[in-house]
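Let me begin by presenting the structure, written as structure tokens, before commenting on it.
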Amino acid sequence: VVCRDGCIKAVGQADVIRNQFSGVTFENIIDCSGKCVLPGLVDAHTHPVWAGDRVHEFAMKLAGASYMEIHQAGGGIHFTVEHTRKATEEDLFNTFKHRLERMLRAGSTLVECKSGYGLNLETELKMLRVIERAKQSMDIGISSTYCGAHSVPKGKTATEATDDIINNHLPKLKELKLSGEIHVDNIDVFCEKGVFDLESTRRILQAGKDIGLQINFHGDELHPMKSAELGAELGARAISHLEEVSDEGITAMARANCAAVLLPTTAYMLRLKQPPARKMLEEGVIVALGSDFNPNAYCFSMPMVMHLACVNLKMSMNEALAAATINAAYALGKSDTHGSIETGKQGDFIIINASRWEHLIYQFGGHEALIDYVIFKGKVVYQNERCGTMNSY
């Protein structure tokens, strides 16, 4: 039972609920007989605001070019930056809106959305305004992340870029937050060899923390950087990627209650070593999942991410479901309101046309036929047009 305020009023056995609310009228009643109701999925890491298609790079990757080789040849992030800088705010918003709608249809009701394809103050703010606009106008939850340190801009050193972010970008974000124009939740840095080293990363993350942003950053993806140790030391809420995390870093994250946001699509598409999910889980790290949707890893679907997590990261289906709901909400600092079906939490659900919830993971790529309803704050925001007319098996 969900109230008009969008929060869950009651959860329980059908007959108990019927008796408890016998005298109440409801705007909408959904018969879920033979179906499963799950919490709305939470995508803890995406880069969904950009212009400039990079489909041509996929062939380069398949031919054996590494991420950094494409980057150094003028592709990768810099290709997207060039196109995003040229795009109008309206164009960016329209493509972003379309992508969010696709994520919603795949069951995501809360999505972390990063800037990071501007690398200058003007374009980063343009991206953050687009994210803010979607926050205010769309029926989907958004956690916004400033990721101005996604790459070192052309013509600058990492130290110069770091100084620019600390002295110009972050003070402006603080000013816009105080005026109510833009509300940013997280600060992110791509801590990587040839991008931002450990010391530059530390400086940026600390400066972001000082203006009230949660630390939630890219680390230990392509090279062991001791990012996990740094994140634990700084009180990071979450660290993403972690394919090359050290044993000491895993222990430090577990002790610090710092979530690991694992991105199985990226490791799969870039043919990287898979992050050590089993070791993390055994050590007590809070493991979350994200799609890492971006021009380099084009996947909207958290059910497919969960499937890859089970097959490639050796997670159980229960672990994958927790990682794509309550743990992903934790990674965004929202587990008190999102990520599970509990009284008082936000009424975000998906209803799947199957008698066992595991079908959501088992049917690889089958979510389009499986998901009958997506509900956000108690409101049906997506209903499958074939709902009730087909068997999803």
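The values are calculated or read from the model by the stated rules, or taken from the named source; none is laboratory data. What you see is a predicted model, and the numbers here were worked out from it, not measured in a lab. Here the Cβ positions follow ideal geometry from the backbone for every residue, glycine too, while neighbour counts run over all protein chains shown. Protein only, heavy atoms only, side chains kept; ligands, DNA and RNA dropped before computing areas. Shrake-Rupley method; radii C 1.70, N 1.55, O 1.52, S 1.80 Å.
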Exposure rank, largest accessible area first [364, 93; 1.4 Å]: 364, 93
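Using only the heavy atoms of the protein chains and a 1.4 Å probe, how would 316, 179 rank by accessible area, largest first? It would help to have the intermediate numbers written out before the result.
Values: 316 50, 179 70 Å².
Order by accessible area, largest first: 179, 316.
Take the residue pairs 126/379; 86/177; 114/174 and return only those whose Cα atoms are more than 21 Å apart. Before the final figure, lay out each step's value.
Values: 126/379 30 Å; 86/177 25 Å; 114/174 17 Å.
From 126/379; 86/177; 114/174, over 21 Å: 126/379; 86/177.
Given +1 on the Cβ of Lys and Arg, -1 on the Cβ of Asp and Glu, and no further charges, what dipole in debye does region 41-332 carry about its Cα centre, rounded to the nearest 20?
So the dipole magnitude of region 41-332 works out to roughly 420 debye.
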Share antiparallel - DSSP beta bridges, the chain, percent rounded to 5: 35 percent
Fluctuation leader among 361, 182, 17 - the chain, Gaussian network, Cα springs under 10 angstrom: 17
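Could you compute the longest span of the chain free of trypsin sites (Lys or Arg not before Pro) located in DSSP loops and having at most 14 other Cβ atoms within 10 Å, not counting the site residues?
On the way: sites that count: 4, 154, 156, 193, 271, 273, 314, 356, 386.
By the stated rule (loop sites, at most 14 other Cβ atoms within 10 Å), 5-153.
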Estimated dipole of region 223-340 in Debye, rounded to 20 [Cβ of Lys and Arg +1, of Asp and Glu -1, Cα centre]: 220 debye
Of all accessible heavy-atom area on the chain, the percent that carbon and sulfur account for (1.4 Å): 50 percent
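So how do 50, 357 rank on accessible area, 1.4 Å probe, biggest first, that is with the largest at the start? All intermediate terms of the calculation are to be shown ahead of the outcome.
On the way: 50 10, 357 45 Å².
Greatest to least solvent exposure: 357, 50.
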Two-site label geometry, residue 55 and residue 21: point separation in nm, points 7 Å out along Cα→Cβ: 4.5 nm
Placed amide H near residue 382: partners under 5 Å, 5+ positions off or other chain: 374
Gyration tensor verdict on region 41-332 (Cα atoms; rounded if a/c is under 1.5, prolate if a/b is larger than b/c, oblate otherwise): rounded
Choice from 284, 249, 40 showing the highest fluctuation, given a GNM over the chain with Cα pairs closer than 10 Å: 284
Most fluctuating residue given options 321, 281, 289, as computed from a GNM of the chain linking Cα atoms under 10 Å: 281
Out-of-range pairs (alpha-carbon distance over 30 Å; input 97/193; 135/273; 193/279; 61/156; 35/377): 97/193; 135/273
Selected from 195, 146, 32, residue furthest toward positive end of dipole (the chain; charges at beta carbon): 32
Per residue solvent-accessible surface (Å²) - the chain, probe of 1.4 Å: 42 Å²
